[in-house]
Amino acid sequence: MRLKSAIATIATLAATVAPFAAAGTAHASANGPSGCNNNVCIYTSYTGTGWRVWGEFRSGAAEGHIDFWGPNGFHASSPNGYWTAGGDTQAWSGSGNGQLCAQGWSRANGTWSSVGLPCVAV
């Protein structure tokens, strides 16, 4: 009976904690599509005239940056440097419909490597 009680207690605690754990990775201002690929996530929000986009490295990057591109010739890049896990880039505004992508780059031993390429439809 003690084992059954312990399992029930653990299940209750897990159900209580789960929403709070997920909230740490949620982006309250992201009301548009979002997605992740490998070490990079892309987030969007809709504005009255278009959208805003930003991204993050999921596990950080010792030296890296994220390039963004999308509808109507949109292109932007975050500054190159150290990125902590979950540290949001600046948000940029754009308009139009189509694919919006973010490609993360990390440099190790002098070589740049792609570390993720998520895309969403806006």
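No lab work stands behind these numbers, since they all come straight from the coordinates. Being a predicted model, the structure only gives us computed values, none of them experimental. Here Cβ is always computed from backbone atoms with ideal geometry, including for glycine, and neighbour counts include all displayed protein chains.
Descriptive notes on the structure:
- Potential lengthening of the chain between Y46 and S93 amounts to 16.0 nm, from the contour at 0.36 nm per residue minus the alpha-carbon distance.
- If R0 is 35 Å, the Cβ-Cβ spacing of W112 and S29 corresponds to a FRET efficiency of close to 0.70.
- Derived scalar couplings between HN and Hα for region 39-46 equal 9, 10, 10, 10, 10, 9, 9, 8 Hz in order, rounded to whole Hz, by the Karplus curve 6.51 cos²θ - 1.76 cosθ + 1.60 (θ = phi - 60°), x for Gly and Pro.
- Label-point gap, in nm, between Y82 and D67 - each point 7 angstrom along Cα→Cβ: 2.6 nm
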